[in-house]
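The next block holds one structure in the form of structure tokens; read it before the comments.
The values are calculated or read from the model by the stated rules, or taken from the named source; none is laboratory data. Because the structure is predicted, anything quoted here is derived from the model rather than measured. A quick note on method: Cβ atoms are made from the backbone with ideal geometry, for glycine too, and the neighbour counts reach across all protein chains shown.
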Amino acid sequence: MRIETGRKRRGTNTSPAALTQHLASWKSNMKIFRFVNRLEEILASLSLAVMVILISMQVFSRYVLGSSLVWSEELSRYLLIWAVYIGCSFAAKEDRHLEVTFIRSVLGPNARRFVISLSYIITIIFCGFCVVWGIEMLNFLERTGQRTQSLGVSIYWVYLALPVGMVLMSLRMFHRLWLVAIKGQLPDSSVVEKTP
């Protein structure tokens, strides 16, 4: 008669080959997330840096040289739009979006996990609506062929920021939902940062 010590989970394969395969897939997913993290940081930072340079050039040109650059203000506006939507995803990754934490701070751990998970699900649904609406708007803009006033490029590229940013943000929210609902990692609501 054979007695097993410990419980074996149903449906799990604990062979070394299966564990190695699971670890390899986890590492490749982490590489993708690291790539997306880096891409978001670079694109948002680059957009803001170019925007500051363009506005500085515009101010110098207007007040020192006496003539203004017609295209710089428009390009700066579009770069700001892209930086904001990419920044939404980055803020979701860092858990830096504005939120009211009073309700969840008075709840117990299980209720707190439910409320946080629900808020993430609502955010994912909102992102989904924004992606659908953004794609419909992109299709409309592609059919009509609208162009920007000063630059003369397709306005399609400006509106593309909405679905791209919302897809990235929904991926971040799915990851946060997984951390809270499955892994049980609650954000620390007791930490209040002091503003200078």
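General remarks:
- Cross-chain or 6+ apart pairs with Cβ under 9 Å, the range 141-164 first and at positive phi, then assigned to a helix (DSSP H, G or I) and of a type outside the set (Gly, Ala, Ser): GLY145/TYR156
- Qualifying residue in the range 139-158 (condition: acidic (Asp, Glu) and either within 22 Å of LEU79 (Cβ to Cβ) or touching a Cys at 6+ places or on another chain (Cβ under 7 Å) (or both)): yes
- Residue in the range 62-120 that is nearest to the chain's Cα centre (by Cα), counting only those that are at pLDDT 90 or above and of a type in the set (Phe, Trp, Tyr): TYR85
- Checked against the criterion of being among the hydroxyl-bearing types (Ser, Thr, Tyr), closer than 29 Å to ALA49 by Cα, out of contact with any Phe, Trp or Tyr (no Cβ under 7 Å at 6 or more places or on another chain) and in contact (Cβ under 8 Å) with a residue 24 or more places away in the chain, the candidates SER89, SER117, SER105, SER72 yield just one match: SER89.
- Residue that is nearest to LEU177 (Cα to Cα), among those in the range 122-145 that are hydrophobic (A, V, I, L, M, F, W, C) and in contact with a helix residue (DSSP H, G or I) (Cβ under 7 Å, 6 or more places away or on another chain): ILE124
- Close Cβ contacts (under 6 Å, 6 or more residues apart or on different chains) running from residues in the range 30-56 that are farther than 23 Å from LEU151 by Cβ to residues that are in a helix (DSSP H, G or I) and hydroxyl-bearing (Ser, Thr, Tyr) comprise GLU40/SER89.
- Residues of the range 60-103 satisfying the condition of being part of a helix (DSSP H, G or I) and under 16 Å from ARG176 (Cα atoms): CYS88, SER89, PHE90, ALA91, ALA92, LYS93
- Counted residues, the range 181-196 - those being crowded, with 16+ Cβ neighbours inside 10 Å and either among the acidic types (Asp, Glu) or at pLDDT 85 or above (or both): 0
- Selection count, the range 23-61, where residues are modelled with pLDDT of 80 or more and over 21 Å from CYS88 (Cα atoms): 9
- Spans of helices (runs of 4 or more DSSP H) in the range 106-196 with at least 1 residues among the small types (Gly, Ala, Ser) and over 30 Å from LEU69 (Cα atoms): 109-144, 161-177
- Meets criteria (surrounded by 11 or more Cβ atoms within 10 Å (Cβ to Cβ), aromatic (Phe, Trp, Tyr) and closer than 21 Å to GLU40 by Cβ) for PHE126: yes
- Qualifying residue in the range 104-117 (condition: closer than 27 Å to VAL36 by Cβ, among the charged types (D, E, K, R) and touching a Leu at 6+ places or on another chain (Cβ under 8 Å)): yes
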